[in-house]
Structure formats: structure tokens, C-alpha cells
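Right, one structure below, let's go through it.
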Amino acid sequence: MKRTSWKMVFVLAVAIGAFVAVQAEAARLTMGSWKKGSGWHVYSATMANIVNNAKVGVQIDALSKGGGVGNPKLVGTGKFSMGLTFSVAAAWAYQGKVAYKKPYKNLRGLVGGLDQYFLGIVTTNPKVNGILDLKKVPVNYVTVPRGGLGQWATRAMLGAHGITYDGIKKMGGSVTHTGFGAIKSRMKDGQADMLSHTVNAGHPALTSIAVQKKLKFLGIADEFRNKLLGIGFLKATMPAKTFPGQDKPKNTFGFTTAVLASTALSNKDAYNIVKALLDNVKDLRAGHKGLRNFDPAKTGCKEAQMGIPFHDGAARYCKEKGWN
């Protein structure tokens, strides 16, 4: 073989070796979201795709598990590298109150104020026109498994009305905790006639149900909303037309999604992840209808939108942009 050919082989080998080394050095991180069929599962897949394509030295695996209440604990204990949560749940976890038995002081925020979620409450039962009707009308209630804020918020909302899961069962009804596939099936075929969950515009499961079933959307009166303000719930109004068949706005509770990590995530990786996401905000918004109004300059870098202290690496990026 000619000397020139050997040189070409050597250069190619060095280049391949360098590429393999860079790939090998990429840290594998996990991001908790929620079940398949949820908006958060789409969020996490979108974020992982953006970061992975940016080739910033980390690779994110989007997991279809965790939940708004579960993810802070899973991140705080090191089982997940990152996770999606609601700012109210992050604050509870950091302080060790409400849904958490101990504080997770190692939690840190990466991005906040991604969207607007609501506690959506729907029924197909013709005898139910308000939540208090559950005290006299049997319903087959369906909600997500424990670990998600949707289930926790449902229980708290019912409790504010003096209604419990056991009370529903004693009335001859039922309460089922299950995934979105079963929820859609049960609501569509009539096995369940009432559902509540934290949803955003375009939420895949509720949108699918609303397209195929005529749903009655219920609101929450202020006298009951006021009872939950002390634990961090916020009043919100779900605009008309948020879902098919929802002709009127409904007073309920509002929540916003944040991305959290822990102090175990290096400042370098936190900076690179946030930079990749916010430098490509158009791709992020295109990932899901619920993200289309996200403005990183207004909410993305605000600790109040995260519920926990800002990660130093993420804060550095936002400071460079002049957003915090």
C-alpha cells in the first residue's frame, strides 16, 4: 500500500476513534414524565429529541412514568436524573409537606412556566350537574394511578366538597385508578361516567374522549376553591373551547409545568441542557399544543414558576440571556 494510502487510513482511524470517544463520553440521563397518552410523555420525548440532536455531551432517555407527585421524589432520591412536575408539587417536595413525608432539599429547577394546566372535571352522567351531586348520585369515577398530581388533586378537590373515595363507593359507585388507555376505553364504552385530571390544551386522552363522547364539563365554586389555596393550589379558569364540546369557561384550579433536576446534575450539563432547549424554543413549542405559548424570557427562568431554587448551571444560561 502506498504511503499516502496509509496516511489516509491513519487519519480516518483517528477521526473514527475521536467520534466514538465523544459518543462514549455522552452522559446517559433519564427524564421522568407520565404515562403514554399524557401530554407530559409528549413533552419529555420532544425535549429528549432536542437535547440529543444538539449533541451537547448528554443523551436523555424519556421515561413514560413518574408523575407530578412522584417525579420530585424520584429525582430527589437519584432514581431519575430529571423530571417534569408542577411547581406546586416541587415546592411541597422541597419543603417536605402535603404529599411528602420528608423534604428534598437537593431539588433544583431547570426551566419553569412551560404551560398552563387545569384540573379538568367531566361526566357523562345525566344526573350530575355539579360536584356536590356525588353525595346523592352513584358514579363510576376514573382517575390516574397514585403518583400523579391528577389523582392527588382529584382527592383534594373532592375532599373540599366533603366527598371521599370511600363515600363514592358507599353510594354504590366505584373509583378506579388506571392508565390513559383504560381511562379512554372505560369512558367511551360507559364503564366509567366521571373523570378528573390535570390537563392542558390538546391533552391527548381527554381530547380523544371529548371527540367521541358528549361530555359535561364541571366547574368548582369559589367557596370550595378557597379551601385549597392554603396548600398552594391556584385559582384558574379553563377557557371555553379548550376541549371539543366545552362551550363555556369553567372555574377550576391551575398548575404550570417545570423541569427539575437535583444538585447531582453538574453545572455544565444543566447549562447545556437548558441552552439546547431554549435556543430551540420553536422546536419545543411545535412538540405539543400545550407548549405553543411558552415564552422563556417571561417564565422560563423564574424560580416562582419552578417552586424550588434555580440550578446554578441553568441560572448561568438565563443570566447570559438577560432573563433573570
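Just a few scattered comments:
- Qualifying position, being assigned by TED's automatic domain parsing to the domain that holds LYS188 and either closer than 12 Å to LEU260 by Cβ or of a type in the set (Asp, Glu) (or both), among ASP61, ASP133: ASP133
- Of LYS188, LYS214, all but one fail to be touching a residue at least 40 places away in the same chain (Cβ under 8 Å), in the same structural domain as THR143 (by TED's automatic domain parsing) and of a type in the set (D, E, K, R); the exception is LYS214.
- If you check ALA261, ALA236 for being buried (at least 18 other Cβ atoms within 10 Å of the Cβ), assigned to a strand (DSSP E or B), in the same structural domain as LEU74 (by TED's automatic domain parsing) and not basic (Lys, Arg), only one passes: ALA261.
- Test for GLY147: is it assigned by TED's automatic domain parsing to the domain that holds VAL199, modelled with pLDDT under 95, touching a strand residue (DSSP E or B) at 6+ places or on another chain (Cβ under 9 Å) and not charged (D, E, K, R): yes
This table checks each residue for (1) surrounded by 24 or more Cβ atoms within 10 Å (Cβ to Cβ); (2) modelled with pLDDT of 95 or more; (3) in a loop (DSSP other than H, G, I, E, B).
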| site | (1), (2), (3) |
| --- | --- |
| ALA24 | no, no, no |
| ASN49 | no, yes, no |
| ALA62 | no, yes, no |
| PRO72 | yes, yes, no |
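- Pairs, first over 14 Å from ASN53 (Cβ atoms) in segment 278-289, second assigned to a loop (DSSP other than H, G, I, E, B) and among the charged types (D, E, K, R), C-beta under 6 Å, six or more apart: ARG285/ARG292
The values are calculated or read from the model by the stated rules, or taken from the named source; none is laboratory data. For clarity, every value in this text was computed on a predicted model and none was experimentally measured. Reconstructed Cβ throughout: ideal geometry from the backbone, glycine too, with neighbour counts over all protein chains shown.
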